[in-house]
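Encoded as structure tokens, the structure appears first; notes follow it.
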Amino acid sequence: STRVSSVGGQVSVDAEGDALVRLYQRRVQEQTLDEDLVVALLRYIITSSYDKGAILVFVAGWADIEAISTAVDKDETLRHVLWVVPLHGSIESSKQKDAFKPPETHKWKVVVATNVAETSITIPDVSFVIDAGLEKTVKFDDHLGASVLRSSYVSQASARQRKGRAGRTKPGVCFRLYTKRRHDYMEPQRLSELLRANLEG
């Protein structure tokens, strides 16, 4: 909804659009999920696509899964047409099977998952992937003297894996919630946990 106008050869952006850009840049720097952007993308997909394939949303952790579920529940339009299925390593296997079930006829299936859906499993009916580009990783903190679990950007290899989840059995589309410049700065491959974590444990 940002309006751009040219005044005296200079481009000016309205206050609302400028505020949204600043908010997004701050969230990117803090490496946190923008659930409002995810909801906007979900709305775009279901209103512009004739193909009712499943949507796979990659997030960093359980807090992000809950944030998206809550945001969808608050949206009067989406809550009636989306079936949100959480997929996380801590969920019991019987609940994880929901990710493979077909939705009701009038609903879209939205699987909100951590990197457990990156390589461990394949959901065949996924047509759309929304990749936040984040994951939880264990790193050794020199100041704390301990290993901590933190949100960080994925590697380029992981980004390729996530993109490949779309269109396994039919054409697919991947939406990445980060810039090409950010992608170019990502690690080509994630370092082994042996090189990131404290080995004393």
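The values are calculated or read from the model by the stated rules, or taken from the named source; none is laboratory data. Predicted model, so just to flag it, every value in this text is computed and none were measured. Positions of Cβ are generated from backbone atoms using ideal geometry, with glycine treated the same way; all protein chains shown enter the neighbour counts. Just so you know, the surface numbers come from the protein's heavy atoms only, side chains and all, with ligands and any DNA or RNA stripped out. Shrake-Rupley method; radii C 1.70, N 1.55, O 1.52, S 1.80 Å.
Structure summary
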| item | result |
| --- | --- |
| When residues of segment 157-168 are limited to those that are of a type in the set (A, V, I, L, M) and at pLDDT 90 or above, the one farthest from VAL110 (Cα to Cα) | ALA157 |
| Scope segment 30-72; condition in contact with a Pro (Cβ under 8 Å, 6 or more places away or on another chain), open to solvent by less than 10 Å² (accessible area, probe 1.4 Å) and either over 20 Å from GLU118 (Cα atoms) or in a helix (DSSP H, G or I) (or both); matching residues | ILE65 |
| Yes/no for ASP131 being among the acidic types (Asp, Glu) and open to solvent by 40 Å² or more (accessible area, probe 1.4 Å) | no |
| For ILE130: the one exception among (1) more than 22 Å from LYS101 (Cβ to Cβ); (2) outside any loop (DSSP other than H, G, I, E, B) | (1) |
| Subset of segment 112-127 that is of a type outside the set (Ser, Thr, Tyr) and assigned to a strand (DSSP E or B) - its residue that is modelled with the highest pLDDT | VAL112 |
| Cβ-Cβ under 6 Å pairs, at least 6 apart or on other chains, segment 166-192 side closer than 16 Å to TYR153 by Cα, far side aliphatic (A, V, I, L, M) and in a loop (DSSP other than H, G, I, E, B) | LEU177/ALA132 |
| Segment 73-96, residues that are farther than 23 Å from ALA40 by Cβ and part of a loop (DSSP other than H, G, I, E, B) | HIS88, GLY89, SER90, ILE91, GLU92 |
| Every residue from segment 172-189 that is under 24 Å from VAL39 (Cα atoms), of a type outside the set (Val, Ile, Thr) and open to solvent by less than 70 Å² (accessible area, probe 1.4 Å) | GLY172, CYS174, PHE175, LEU177, TYR178, HIS183 |
| Any hit, segment 138-146, residues being within 24 Å of ILE68 (Cα to Cα) and in contact (Cβ under 8 Å) with a residue 60 or more places away in the chain | no |
| Filter pass, VAL154 being among the β-branched types (Val, Ile, Thr), at pLDDT below 75 and over 21 Å from GLY53 (Cβ atoms) | no |
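A quick yes/no check of all residues on (1) open to solvent by 40 Å² or more (accessible area, probe 1.4 Å); (2) in contact with a strand residue (DSSP E or B) (Cβ under 8 Å, 6 or more places away or on another chain):
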| residue | (1), (2) |
| --- | --- |
| GLU135 | no, yes |
| PHE140 | yes, yes |
| SER147 | yes, yes |
| SER152 | no, yes |
| SER158 | no, yes |
| GLN161 | yes, no |
| ARG165 | no, yes |
| LYS170 | yes, yes |
